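Report on one structure; see the data block that follows.
The values are calculated or read from the model by the stated rules, or taken from the named source; none is laboratory data. It should be emphasised that the depicted structure is a prediction, and the values quoted were computed from it without experimental measurement. Glycine also receives a Cβ, built like all others from the backbone with ideal geometry; neighbour counts cover every protein chain displayed.
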Amino acid sequence: QVQLVESGGGLVQPGGSLRLSCVASGFIFRLYVASWYRQAPGTERELVASISSVGGYSNYAGSVKGRFTISRDNAKNTVYLQMNSLKPEDTAVYYCNSNLGTTSYWGQGTQVTVSS
């Protein structure tokens, strides 16, 4: 059974940090590109960051570049998103995704709220 389980979301003040984790099971995680997406109320889901299967290449949305860092540990079947200098506009549900060709798996999402 394929599963992606996110954790680490919560309420944080502006300027604070959070680290999201996503643990994969039921497929060969190390072969897949791993990504984080987010969706705020009333908006479309957007790509936040992606990392290649072996972790040698990553890319970021312009709005998070320099503040967020994506990483992965294939031995633990886990992808991370370190989020620093958080802003209210980062408030959203964050989703983990693993993709290989036409196969795409999604987690259930974790809420991140940035508010004072």
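Taking region 54-85 only, how many residues are without any contact (Cβ under 8 Å) to a residue 24 or more places away in the chain and of a type in the set (Lys, Arg)?
Summing the residues that are without any contact (Cβ under 8 Å) to a residue 24 or more places away in the chain and of a type in the set (Lys, Arg) in region 54-85 gives 2.
Is it the case that Ala34 is part of a strand (DSSP E or B), aliphatic (A, V, I, L, M), under 11 Å from the mean Cα position of the chain (by Cα) and surrounded by 15 or more Cβ atoms within 10 Å (Cβ to Cβ)?
Yes, satisfied.
Of the residues Ile51, Ile28, which is hydrophobic (A, V, I, L, M, F, W, C), crowded, with 21+ Cβ neighbours inside 10 Å and free of Cβ contacts under 8 Å to residues at least 40 places away in the same chain?
Ile51
Give the residues of region 37-49 that are part of a loop (DSSP other than H, G, I, E, B) and among the hydrophobic types (A, V, I, L, M, F, W, C), sorted by residue number.
Ala40, the sole residue that qualifies.
Could you tell me how many of the residues in region 67-94 are under 18 Å from Val12 (Cβ atoms) and not aliphatic (A, V, I, L, M)?
Residues flagged as under 18 Å from Val12 (Cβ atoms) and not aliphatic (A, V, I, L, M) within region 67-94 amount to 13.
Considering only residues that are loosely packed, with under 12 Cβ neighbours inside 10 Å and charged (D, E, K, R), which ones fall in region 37-48? Step through it out loud before you land on a result.
Step one: list which residues in region 37-48 are loosely packed, with under 12 Cβ neighbours inside 10 Å, which gives 41-44.
Glu44 - this is the single residue of region 37-48 that is loosely packed, with under 12 Cβ neighbours inside 10 Å and charged (D, E, K, R).
Looking only at region 70-89, decide whether some residue is surrounded by fewer than 17 Cβ atoms within 10 Å (Cβ to Cβ), modelled with pLDDT under 95 and either farther than 17 Å from Ser25 by Cα or aliphatic (A, V, I, L, M) (or both). Steps first, answer last, please.
Going through region 70-89, the residues surrounded by fewer than 17 Cβ atoms within 10 Å (Cβ to Cβ) turn out to be 71, 73, 75-76, 82, 84-85, 87-89.
The next check asks that each one be modelled with pLDDT under 95; those that pass are none.
No - not one qualifying residue is present in region 70-89.
For region 3-31: of the residues being part of a strand (DSSP E or B) and among the charged types (D, E, K, R), which is nearest to Val114 (Cα to Cα)?
Initially, region 3-31 is screened for residues part of a strand (DSSP E or B), giving 3-7, 10-12, 18-25.
Imposing the further condition that a residue be among the charged types (D, E, K, R) reduces the set to 6, 19.
Values: Glu6: 18, Arg19: 13 Å.
Restricting to residues being part of a strand (DSSP E or B) and among the charged types (D, E, K, R), the top hit is Arg19.
Which members of region 1-22 meet the condition of being within 18 Å of Thr69 (Cβ to Cβ) and either among the hydrophobic types (A, V, I, L, M, F, W, C) or without any contact (Cβ under 8 Å) to a residue 40 or more places away in the chain (or both)?
Val12, Leu18, Leu20, Cys22, listed by residue number.
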